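Enquirer: The structure under discussion is supplied below as structure tokens; questions concerning it will follow.
What follows draws every value from the coordinates through simple rules; no lab data is involved. The shown structure was predicted, so the numbers you read here are calculated from the model rather than taken from an experiment. Here the Cβ positions follow ideal geometry from the backbone for every residue, glycine too, while neighbour counts run over all protein chains shown.
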Ligand SMILES: [Zn+2]
């Protein structure tokens, strides 16, 4: 019996290796993103309520990353990072309402060369074509805004039922082609509403699961929104299976940022760099369900999505992409993950001058389980050991700043680099001819010139 197990394991390993070795292995790629989704509110991430049966099923067929973080907790900047593998200060979508710079290319551009037919279904206003600029490399980019919020006055979002219905129709029409599909769902974004069919009794949960100062009335509705969304994700996956696409497809499930429910006296997301807003789910179902039902616990970033997808398809990763391919051994050598936060969520000023002058207000660095946060203006530094203190309740920097000296130096170097880059890009974007040949070459490797 043991011998049979060994043979099966050997065949499994050979099969998995082939997944990454076969050059002709251009499988379909489907990204399902749920906006504003905290990883710790999904049952497959240990949440005590069964909020996510369909996502749990997907997780059983894939690889679950327990510690994935967004880079900045906002919609357009976050998804732009997902599709460019660049931080916001480089791709340009630094706040909702600021599109990526026109010369920045996104994932569908690199897939197009291999005859991928690409489509996106988005359901949140900041992702509109003119606001995010994320449409430019997709063959089709559908904006679904059928949901009436605020007493029916605003329809700035799409309903999961409608978004999945339209994505399913697209799949039926295009499934014979090689496809790249991005489906974006918005329900857990505030204002949250309860769905009758998905109403949970959160009082039954051990309250120590939640950080102090949590506003439970909001969480109850938030969980209901997650379960509602999950129901339609189930429908979408059902269709993918029915069309015979599931087993061979590469399916990624993720979010752009989390949500704060009163922790650190903060609600919603955008301006703070605590785990409540940075920690996001990431599930990767590989072609052939390879490595199914496994968990990876190292730090991963939303920056890693595009290079990871390209590497699984055995395609070249453009040099300027900053993320790591998560199934490449080098990922273990990552020095640190950097984060940035900007002022406010939505802006009205969109002139080029303004665009170029948007600077981060906060920075953070995560190395292993140690995290530092730096705030401009006050120059405050906070330090947390997130393995022991996931909710970041005890600021250790006050107690022993010397212990964090090396990490502080790394963070300060990074901040200088960002400031220099922003200054540099101002020169380039204002007057291209003022750049030296070397400047242009350097910017090329960073994704600025194609
Ligand atoms: Zn968002």
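Enquirer: Kindly put 182, 125, 390 in sequence by how many other C-beta atoms sit within 10 Å of each C-beta, fewest to most.
Expert: 390, 125, 182
Enquirer: Could you give the nm distance between label points at residue 199 and residue 416, where each point is 7 Å from its Cα heading toward the beta carbon?
Expert: Distance between the two pseudo-spin positions: 5.9 nm.
Enquirer: How high is the FRET efficiency from residue 424 to residue 143, r the C-beta distance, R0 41 Å, rounded to 0.05?
Expert: Rounded to the nearest 0.05, the efficiency is 0.75.
Enquirer: Right, next: Can you put 320, 103 in order, fewest other beta carbons within 10 Å first?
Expert: 103, 320
Enquirer: If you take the square roots of the eigenvalues of the alpha-carbon gyration tensor of region 289-411 and sort them as a ≥ b ≥ c, do you get rounded (a/c under 1.5), prolate (a/b over b/c) or oblate?
Expert: Verdict is oblate for region 289-411.
Enquirer: Only counting other Cβ atoms within 10 Å, I'd like 387, 292 sorted with the fewest neighbours first.
Expert: Least crowded to most crowded, the residues run 387, 292.
Enquirer: Defining a contact as two alpha carbons under 8 Å apart and six or more residues distant in sequence, what relative contact order in percent does region 24-335 show? Let's see the in-between values first.
Expert: Numbers: 679 pairs, mean separation 99.9, N = 312.
Answer for region 24-335 is 32 percent.
Enquirer: Contour minus end-to-end for residue 390 and residue 405, with contour as 0.36 nm per residue of separation and end-to-end as the Cα-Cα distance?
Expert: Between residue 390 and residue 405, full extension yields 3.2 nm more.
Enquirer: Something else: Zone of residue 207 (label point 7 Å along Cα→Cβ, backbone N under 11 Å): which residues in region 26-48?
Expert: Inside the label zone: nothing.
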